[in-house]
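The next block holds one structure in the form of structure tokens; read it before the comments.
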Amino acid sequence: MVSAELSKPRRIELILRQIDSLPTLPAVATRLLQLTASDDAHTREVVQMVAADPALTAKVLSLCKTADKGVRNVLTVEHAVKLLGFQAIRNAVLSLKLFELFDAKREDQVPLTTAAGRLSGDTARGAEPEPFDRAGFWSHSLAVAIVAELIAKLHPDHKDLVPEEAFVCGLLHDMGKLALDLVLPRSYARVIEAAKLRQGDVAEYERRVIGLDHHTAGKRLAEQWGLPHMLQDCLWLHGSAFETLPKLEHRRMIGLITLADTIVRRQLIGFSGNHAFKQRPDELAAQLGLDPALVSAATDRLYDELETRGAMLGLHEVPSRELLMQSVQKANEALGRLNQQLEQRGWQVALQQQVMQAVQAFHAGDEPGLGVQDVLERVMRSATGLLGSGFYAVLYPTRDEQNNTQWLLGHAPAEARGSHFECIDPPPHAPDLTKMDATQPIGMTLAGLMPWLADHLVGADDLRRVQMLPLPSGWGTAAILMHDREKLPSWVMMQPLVGAWGSAVAAAAQFEGARQLSEELAQTSAALAAAQDRLLRQESLARLGEMASGAAHEMNNPLAVISGRSQLLTLALPTGSKDQQNAQLIFQEAHRLSDLITGLHLFADPPKAECRPVDMLALLDEVVRKVKLGRSKRERTAEIYLSIKHELPVVNCDAPLVARILTELIVNALQSNPRSAVNIAAQVEHDTESIVVQVIDDGDGMDERTASHAFDPFFSAKPAGRQVGMGLPRAQQLAIAHGGRIDLHSTPGVGTTASLTLPLRGNAS
């Protein structure tokens, strides 16, 4: 069997090959078409063709008996040909041979059973649609042929509309339908059933179900039979709007067949399978330049002519009055179907009105600034109002603080309380909710979530009935509505409401995202302002350093002289004398000034950090030990505690420089008169890949002015003469050399927290 995964072009080609395999037109009919198409055809050759077939001879002689020619006894084929004419003989022979070739009553007519013939699933089991009405098809084809011939006869001035040619074109115009039914009987029966159910154009459903329509199939069959181009184009192009037809010599003949087909279908004669009417007969007649009155006259003669021709050809012997009654009965059946459809559409309109009222009510409750949870609760309330009481829940995809996927699960609110929401981690096999198909409802079991969600959907009476309804938005699926309603309005009807739900959820998510972004922008702006402030300070310090560098060069030599001479004076003066004390004071202050100049060099030429892997915990232990040994008597009243709760990683830094920073921070904390102790803590920030060491005291703290100038050189809140105000600025410069920083958070009377932030991998400059 051919795979069902065949591409559409390949499938169509296989079907066309099957059409090529259909029986060819009998040789006598083909030859007769060729002979009678020529004005030079000889009577004897036509007579010989007919007389060679005894059954055909009997049919031709019987035609003479029923024909209205005023002659009762015709005993020879030659006399019959002269009496009826070449064209009449051609039409009769062609009709007879076609009926014989595709006889609806034959029991041995079996559709092709090649592998290609089974590609459409025609062997599938299941309920079988009604078979193709072969007898009704021939009645329709013959009626179209008769109407086309009558209209052409009533317009003798239209030389391009030859009555005999019009008859043949009308008789063959729908042969493509017969070909498709022979090749794919079950598929074509489904086409006919769908067109009847929806009262639509059968060609449209042929293309949907099979892949090609009867126009293309008819053209292929006509090519196989070697029919004239006029016949090929009539089979191919009939039914098309006249203004769209190509500029062919027989363009008006194609339009005439379309007109005749429309008239016969409106009269409900026979069976065509087509229920769509693209144009009225009077409009078509006007486009063809035909007299509407003559077209109406041809229509009035249709039933009598159909009774006569049907009897002549042996198609049926139904009286014209009975044919008319059959048409009336079909019209009543069509009217009944129309009433049923109107009733169904009325019900659908009422249901659609309920859906639109639900949309209006949902939008009426819109409020600016609603969060996602508020909107999800409104969605569940709206669903309850439209679909009735039952189980409702929602799934909304979100993110946690570490940007991991989470689902927000909400249950419908009870009468006495609001909705209940919880964040749950989806299972590893869970689909991406935002990428789920939002064009149709899906079963929860198809998503593979039933076993995992069973523990969370405690409010559902029967989990097997729970279904999932995606709520679409412009960028995908905004959320999932879960319910246990068995009957819902059609998906097409639900789309406006479901779209409103999804858009509201998406809008709320965007609002929350914008609000969060606004908060983050505010924080970023504050951080940027702080960074700009630090940059200004660094620029100021750099300028100060440049000035200090020049001044230090000029001051070093006098300071060296002052320091050296003061030392000599100390040795030369009497021990313990006031002059010796003054000389020592000069030496100390000169040395202090030299240290100050050395400190200023730090801003003019910042140190370069030579980073190496350092055990931070060991470094902290060493710094604390040295500070404890070197602190003053006044500083020994406060204890120093190293509080490390987690293991610290190895940090790439310059250990001596970091030790100087930490020493400065701890000494400052000890000098702030802490009431209890100085605590040192450290933790790793994975987001920024850095380590933060905090020195915390509960001492005097700093006011806003002191904290804002703490990193300014020469600034000190201590009494004059106590400090030169270079400790924290030097520590900040050393932190910057590592790509880090020092931050101070202080409250007067509460204490100060100094935070040193260093990158784990180092950032030597």
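The values are calculated or read from the model by the stated rules, or taken from the named source; none is laboratory data. Worth saying up front: this structure is predicted, and the values here are computed from it rather than measured. Reconstructed Cβ throughout: ideal geometry from the backbone, glycine too, with neighbour counts over all protein chains shown.
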Can Gly701 be described as among the small types (Gly, Ala, Ser), out of contact with any Lys or Arg (no Cβ under 7 Å at 6 or more places or on another chain) and under 19 Å from Pro729 (Cα atoms)?
yes
Breaking point among (1) in a loop (DSSP other than H, G, I, E, B); (2) at pLDDT 85 or above; (3) surrounded by 20 or more Cβ atoms within 10 Å (Cβ to Cβ), for Ala710
(2)
Could you say whether any residue in the stretch 356-376 is under 30 Å from Ser518 (Cα atoms), in a helix (DSSP H, G or I), of a type in the set (Val, Ile, Thr) and at pLDDT 75 or above?
yes
Can you give me the number of residues within the stretch 407-438 that are among the polar types (S, T, N, Q) and either part of a loop (DSSP other than H, G, I, E, B) or at pLDDT below 70 (or both)?
1
